[in-house]
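Below is one structure, written out as structure tokens; the observations come after it.
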Amino acid sequence: MPRIAVIGGSGVYSLDFIENPEKKKINTRFGESPEIIIGEVGGKEVAFMPRHGEGHSEPPHKINFRANLWSLKKLEVERVIATTAVGSLNSDFEPGEFVLLDQFLDFTKSRSSTFYDGDDDAVVHVDMTEPYCPELRNVLFEMGENLDIEVHREGTYVCTEGPRFETAAEIRIFRELGADVVGMTNVPESVLARELEMCYSTVSIVTNLAAGISEEKLTHKEVKEIMEENIRNVKELVFSSIPNIPGERSCSCKNALKGAKVET
Ligand code: HPA
């Protein structure tokens with residue numbers, strides 16, 4: 001049975017809901033994955049991966065995204081629900097609220113963001129018009145309504161390189177460009193999932209107002225505290241959604257590589 005993966009971001013390091021849990025590290029040609037917990041949720045096969053590794057040891061710019069995603073592929077994962085902590089640039093998105101992303105802006109600088117590096121591999125230009133799976137997003141949104149959790153259906157994420165937070169001027173520009181929330185990890189994670197024809201969706205948890213919008217100095221302590229306050233809801237939203245994910249995929253994510261390869 002194809003699996004559903006949950007990639008846990010800052011503050012989401014474990015899963016209490018997984019039945020028959022088993023721990024595994026997977027080797028790939030890009031390196032080793034963090035420890036993954038494999039088991040079941042509501043009759044579905046599930047894999048949980050802490051994005052930053054054990055004890056949050058990897059900073060965002062050093063995460064081995066290719067090893068992470070390739071190892072999920074080896075576990076026959078077809079769908080990914082990711083969680084991310086984000087700062088808000090949009091006055092409608094308050095700390096403690098959740099946002100289901102539908103677009104991103106990429107301001108990363110030094111990351112390996114493709115499995116197709118030329119050389120021996122094919123050259124591939126994958127379509128990212130709609131970077132997040134609409135089917136998974138709908139399931140998550142409906143579950144948010146059922147559970148009475150404040151979930152915004154759409155939002156544009158700007159991905160920065162980190163690990164520093166942004167300047168006030170950067171945030172002003174990102175706002176002009178249409179960003180609603182800011183974080184450091186959704187690119188290239190979402191891009192690599194697409195290259196593997198996986199469905200990918202993100203629940204962003206607003207942990208702070210972005211730089212310059214908040215009068216306060218930004219600290220990871222603040223991010224951590226808001227995550228801790230909301231962790232129960234994050235896990236409940238994600239894990240109640242899993243049994244409602246349809247068996248067959250009706251979105252176009254599974255055909256992402258059709259027509260994407262450069263033929264000579
Ligand atoms: N900026 C970047 N990443 C973040 C933020 C932020 O304000 N909050 C949580 N992750």
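Anyone know which of Ser190, Ser71, Ser113 comes out most mobile in the 10 Å Cα GNM of the chain? Comparing Ser190, Ser71, Ser113 in a Gaussian network model of the chain, the most mobile one is Ser113.
Subtract the Cα-Cα distance of Asn146 and Ser91 from 0.36 nm times their separation in residues, and report this length gain in nm to one decimal.
17.3 nm
Taking a straight Cα-Cα cut-off under 17 Å and skipping sequence neighbours fewer than 8 places away in the same chain, the aspartates and glutamates within cross-link reach of Lys224 are Glu54, Glu58, Glu94, Glu97, Glu216. Whole angstrom only: what separates the Cα centroid of segment 1-34 from the Cα centroid of segment 85-105? Their Cα centres are 25 Å away from one another. Within segment 1-86, the GluC sites (Glu not before Pro) that combine a DSSP coil assignment with at most 12 other C-beta atoms in a 10 angstrom radius are Glu76.
The alpha carbon gyration tensor of segment 1-99 gives principal lengths a ≥ b ≥ c with a/c of 1.5 or higher and a/b no greater than b/c, which makes the shape oblate. Compactness of segment 4-255 was expressed as the Cα radius of gyration divided by 2.2 N^0.38 Å, which yields 0.95. Candidates Leu105, Ile81, Val126 compared by Cα position along the dipole of the chain: farthest toward the positive end lies Val126, with charges placed on Cβ.
Report, please, the projected area of segment 203-255 averaged over directions, based on the convex hull of its C-alpha atoms, in nm². Walk me through the numbers on the way to the answer.
Working: hull surface 23.3 nm².
Over all viewing directions, segment 203-255 projects a mean Cα-hull area of 5.8 nm².
For segment 212-219, 3J(HN,Hα) computed residue by residue from phi via the Karplus equation (6.51, -1.76, 1.60; θ = phi - 60°) reads x, 7, 7, 7, 8, 5, 7, 9 Hz, glycine and proline entered as x. Specify which residue in the list Asn138, Tyr157, Phe48 is farthest towards the positive end of the charge dipole of the chain, using unit charges on the beta carbon of Lys, Arg (+1) and Asp, Glu (-1), about the Cα centre. Of Asn138, Tyr157, Phe48, it is Phe48. Summarised as an ellipsoid, segment 91-234 has semi-axes of 27, 21, 13 Å, derived from the eigenvalues of the Cα gyration tensor scaled by 5 and square-rooted, with the largest first. For segment 4-255, the Cβ-based charge dipole about the Cα centre amounts to some 640 debye (Lys, Arg positive; Asp, Glu negative; other atoms uncharged).
In segment 87-137, the portion of solvent-accessible area held by carbon and sulfur atoms comes to 42 percent [1.4 Å probe, whole percent, DNA, RNA and ligands not counted].
Only lysines eight or more places from Lys221 in sequence, or on another chain, were considered; none has a Cα closer than 16 Å. Annotation: aspartates and glutamates with alpha-carbon distance below 16 angstrom to Lys109 (same-chain offsets under eight excluded): Glu161, Glu166, Glu170, Glu189. Solvent exposure of the chain amounts to 46 Å² per residue of accessible area, where only protein heavy atoms count and the probe is 1.4 Å.
The values are calculated or read from the model by the stated rules, or taken from the named source; none is laboratory data. None of the values given here were measured: they were computed from a predicted structure. Note: ideal-geometry Cβ built from the backbone for every residue, glycine included; neighbour counts use all protein chains shown. Only protein heavy atoms, including side chains, enter the accessible area calculation; ligands, DNA and RNA are left aside. Shrake-Rupley method; radii C 1.70, N 1.55, O 1.52, S 1.80 Å.
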